[in-house]
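What follows is a single structure, written as structure tokens, with notes after it.
The values are calculated or read from the model by the stated rules, or taken from the named source; none is laboratory data. Because the structure is predicted, anything quoted here is derived from the model rather than measured. All Cβ positions, even for glycine, are placed from backbone atoms using ideal geometry, and neighbour counts span all protein chains on display. Accessible surface areas use protein heavy atoms only, side chains included; no ligands, DNA or RNA. Shrake-Rupley method; radii C 1.70, N 1.55, O 1.52, S 1.80 Å.
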Amino acid sequence: RFDDARPAKIFTQELRLASQGTSNWDWLFGIYGSRIDNHVPVPTPVILDVGPITIDPRADVKTRQDDIAAFGTVNFYINNFTLGGGLRVGQTDYGSKIFVASGIPKIPTLELDQKDTVVLPKVSLSYKLTDDNLVYATVSRGSEPGKVSLYVANPATYDPEYSLQYELGAKGLLAGGQLRYELAAYLVDYTDRQYENRIFVDNLIIETIDNVGESQGKGFEIGLGYTPDNIPGLEFSASAGY
């Protein structure tokens, strides 16, 4: 067991410019930036006994992740329809510097960097059945940044994971506002899926993250809430998903 009190340093900043929403369309644009610095001691699987002295080597790892992005959304309102579109363009630069430390001066031994730019669009359409009830559909693209798999004997980079998501749903109020409901069905197609593997090497279990190909997820979710009008402050709720 090894305790380390060195903190991670995180800085984020986001600026947004939005319309006042006084017409039949609205918009929002923004920029985002962040930096995460971390210093992590990674135990190695080798412990040496030299006479009465036990040496427990560790690989000290410094990582830095820089994210920058520009994003925007626009919504058009046509009678009971709302048509929305969005776009996010971002870049992630993840770097790692691995040292050797066991009571000796730290020596830079390996530097790895993974830098990726992603374009993530989104389109949505909704229709108001009544003032309190609507149905909607969305299609969007998502990603998980590529980084460096550090907790292995031979650290290596892995690529971003991408997803294409489809969702259909409905939500609103019934029974004079006492009954609240949310229904959604979804389908997600993944490419370059990132997966945490556990490999058995020399009687040790080593964790690594790799891109393993394509996969698909699908399911539905239901949420219900009921508020009796004669008991203030009381609400019943239930949810289920598959």
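Under 13 Å of direct C-alpha separation, and excluding same-chain neighbours fewer than eight residues apart, residue 171 reaches these aspartates and glutamates: 131, 132, 182, 221. For the listed residue pairs 128/218; 147/218; 62/115; 122/147; 9/97, the alpha carbons are over 23 angstrom apart in 128/218; 147/218; 122/147. The calculated FRET efficiency for residue 110 paired with residue 168, based on their beta-carbon distance and R0 = 35 Å, is about 0.15. Shown here for region 152-242: GluC sites (Glu not before Pro) in loop regions (DSSP other than H, G, I, E, B) with at most 16 other Cβ atoms within 10 Å, namely 214, 235. With all protein chains in place and ligands, DNA and RNA left out, the 1.4 Å accessible area ranks 71, 76, 200 as 200, 76, 71, largest first.
Taken per residue, the accessible surface of region 161-236 reaches 69 Å², heavy atoms only and a 1.4 Å probe.
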